[in-house]
Amino acid sequence: MLCRITIATSISSGREAAICLNPRRGEARGGFTVVSFLDAVDYETTVKKTISLGGDADTMACIAGGIAQAFYKKITADIVLEAREKLTKDLLVVVDQFNEKFKCRY
């Protein structure tokens, strides 16, 4: 079996998502990443809920955060400013070009 399709539903929001899991490769926790997004109300809540799952939290939070930014179209200014302070100038150029091309606002 390559992949098992599961429907995840958030109890609080009622949103649903189809998740493809491969338990042999240890991908079951990836489904919880999507559930964290489904159960959140904004970018920050999504990331915090995902980190609270433990395990490979940095990777899972990165994935969930990407989903949340695409969905909510907004990250609070304090998070954006703190992240930008940690980036080098060359990475800031790449981020700004990406945001301009895909019309990302924060």
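The values are calculated or read from the model by the stated rules, or taken from the named source; none is laboratory data. None of these values were measured; they are calculated from a predicted model. Neighbour counts run over all protein chains shown; Cβ positions are idealised from the backbone, glycine included.
Condition test on I75, is it at pLDDT 85 or above and either acidic (D, E) or in a helix (DSSP H, G or I) (or both)?
Values: at pLDDT 85 or above: yes; either acidic (D, E) or in a helix (DSSP H, G or I) (or both): no.
Against the criterion (at pLDDT 85 or above and either acidic (D, E) or in a helix (DSSP H, G or I) (or both)), I75 does not qualify.
Among residues of region 55-106 being of a type outside the set (D, E, K, R) and surrounded by fewer than 10 Cβ atoms within 10 Å (Cβ to Cβ), the one that is farthest from T33 (Cα to Cα) is T88.
Among the residues of region 51-65, those that are part of a helix (DSSP H, G or I) and among the aliphatic types (A, V, I, L, M) comprise I51, A57, M60, A61, I63, A64.
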